[in-house]
Amino acid sequence: MSKEDELHFFRDSHADTIIAVENDWLEQISNTKLFRYTFPKESFEMEDGIAGYYISTVSVEPLRIEPIENLLLEIVKRKVELRFTPNLYPIKESILSSSIDDYSIIRFRNAKQ
C-alpha cells in the first residue's frame, strides 16, 4: 500500500481492521444473535486469508458453540474500527482505485444501488 493511500484511509485509526457498514444495517446488527462455532483445526485449510475463510472437505462436529448476544460490543472488544456510512459505493470505488490489496468486499450485492 502506498504511503498516500495509508494516510487517506487509515490516518486517524489505530485499528488493524476497519469494517464499513451501511447505516441501514445498524438495527439488524444490533438485534442479531450470532453463534460462534469452534472446530478442531486438523481438517481445515485456509481458503481466503484476507477474508479469513477456512474450509473443510469433511464433516466436522463443533467442539463448542457460543452465543454472541451483542455483536457491536464483540467487534469493539476486538479493537476493530467500525464505520457506518449511508452508501458503500464511494468507499468501494476508492479502495478499488487505490494501492490497497488486502481487503474484502463481502456481501456487496446487498449494498444500496
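Computed from the coordinates by the stated procedures, all read-outs in this text should not be read as laboratory data. Computed from a prediction, not measured in an experiment: that's the story for all the values here. As a convention, Cβ positions derive from the backbone with ideal geometry for all residues, glycine included, and neighbour counts pool all protein chains shown.
Over 12 Å apart: what share of the alpha carbon pairs of the range 1-56 falls there, rounded to a whole percent?
Above the 12 Å cut-off, the range 1-56 has 80 percent of its Cα pairs.
Report, in whole Å, the centroid distance computed from the Cα atoms of the range 83-103 and the range 1-26.
With the range 83-103 and the range 1-26 each reduced to a Cα centre, they are spaced 9 Å.
Taking amide hydrogens as modeled 1.01 Å from N in the peptide plane, which residues meet the under 5 Å criterion relative to Ile68, leaving out close sequence neighbours?
Leu34, Phe35, Arg36
Size of the dipole of the chain about the Cα centre, Lys and Arg at +1 and Asp and Glu at -1 on the beta carbon, nothing else charged, in debye to 20? Working shown, then result.
On the way: 14 positive and 20 negative charges, 62 e Å.
It works out to roughly 300 debye.
Quick one: among Ser99, Ser43, Ser59, which has the greatest mean-square fluctuation in a GNM of the chain with alpha-carbon springs under 10 angstrom?
Evaluated over the chain, the most mobile residue of the options is Ser59.
What number comes out for the charge environment of Ala20, summing +1 per Lys or Arg and -1 per Asp or Glu over other residues with Cβ under 11 Å away? Intermediate results must be reported in sequence, preceding the final value.
Values: positive: Arg83, Lys92; negative: Glu22, Glu81.
Taking every Cβ under 11 Å from that of Ala20, the sum is 0.
State log₁₀ I(q)/I(0) for the chain at q = 0.09, 0.21 Å⁻¹ as given by the Debye formula over alpha-carbon point scatterers of equal weight, solvent excluded.
Debye curve over Cα of the chain, log10 I(q)/I(0) at q = 0.09, 0.21 Å⁻¹: -0.32, -1.35.
Could you check how many percent of all C-alpha pairs in the range 48-105 are farther apart than 12 Å?
It works out to 80 percent of all Cα pairs.
Would you list, by chain and number, the lysines whose Cα falls below 22 Å from the Cα of Lys112, excluding same-chain residues fewer than 8 positions away?
Counting by Cα, and skipping residues close in sequence, Lys112 has these lysines nearby: Lys92.
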